[in-house]
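Accompanying notes for the structure given below.
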Amino acid sequence: MSVREILESAALILIGAGAGGIISAGVFAFLAIIGVFPRLIGKTGTGRQICCYETVIILGGILGNVLDLYEFPIPAGGLIGDMLMAVFGLSVGIFVGCLAMSLAETLKTLPVISRRIHLAVGVQYIILAVAIGKMLGSLIYFYRDMGA
């Protein structure tokens, strides 16, 4: 390798790492601003472990990027692989649900909807119905292999 190739590779690594760091910092800042992390910490009552939360969030972002870039296969097959995928899917679904509800709460959509349809009580049932509908739709989608 020539000196020029080494410098070009180093420049690409530096630019790629810098751009990735900026984008991921923006995503995590967005998640923190809309209240996903503080709400989860408040609901679980584990505010004392904030350092652990910060570490896990950062490691999760790094691990997610590495897995997305290099596409490591899951070595377990059969029942173990299916169980791992079920746990992963459930975890991602819970996170996306929390993200959607935090975003909806931040944008104050639920109070606006309840005022528009003149709903005094039962907002929690509407939220539950929407969540169950979304879950059933996702299960039907993946059961029929529509994603392939």
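The values are calculated or read from the model by the stated rules, or taken from the named source; none is laboratory data. Nothing here was measured: the structure is a model prediction, and the numbers come from that model. Virtual Cβ from ideal backbone geometry, glycine too; neighbours counted across all protein chains shown. To get the accessible areas, we keep the full protein, side chains included, count just its heavy atoms, and leave off ligands, DNA and RNA. Shrake-Rupley method; radii C 1.70, N 1.55, O 1.52, S 1.80 Å.
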Seminar exercise, completed: Counting as exposed only trypsin sites (Lys or Arg not before Pro) in DSSP loop states with no more than 11 other Cβ atoms inside 10 Å, the longest exposed-site-free span of the chain is 1-107
Seminar exercise, completed: Relative contact order of the chain (C-alpha contacts under 8 Å, at least 6 apart) in percent is 24 percent
For this session: Give the long-range amide H neighbours of GLY35: residues separated by 5 or more places, or on another chain, with amide H under 5 Å away, using H modelled in the peptide plane at 1.01 Å from N.
Result: none
For this session: Work through the residues other than PHE88 whose Cβ is under 15 Å from its Cβ and net out their charges, Lys, Arg +1 and Asp, Glu -1.
Result: -3
Exercise. Per residue, how much accessible area does the stretch 1-145 show when a 1.4 Å probe rolls over the protein heavy atoms, in square angstrom?
Worked result: 82 Å²
Exercise. Under the rule of -39500 (n - 2.57) per DSSP H run of 4 or more residues, summed and divided by the residues of the chain, what mean residue ellipticity at 222 nm is obtained, to the nearest 500 deg cm²/dmol?
Worked result: -27500 deg cm²/dmol
Exercise. For the stretch 1-114, what class follows from the C-alpha gyration tensor (a ≥ b ≥ c being the square roots of its eigenvalues): rounded when a/c is under 1.5, otherwise prolate if a/b is larger than b/c, else oblate?
Worked result: oblate
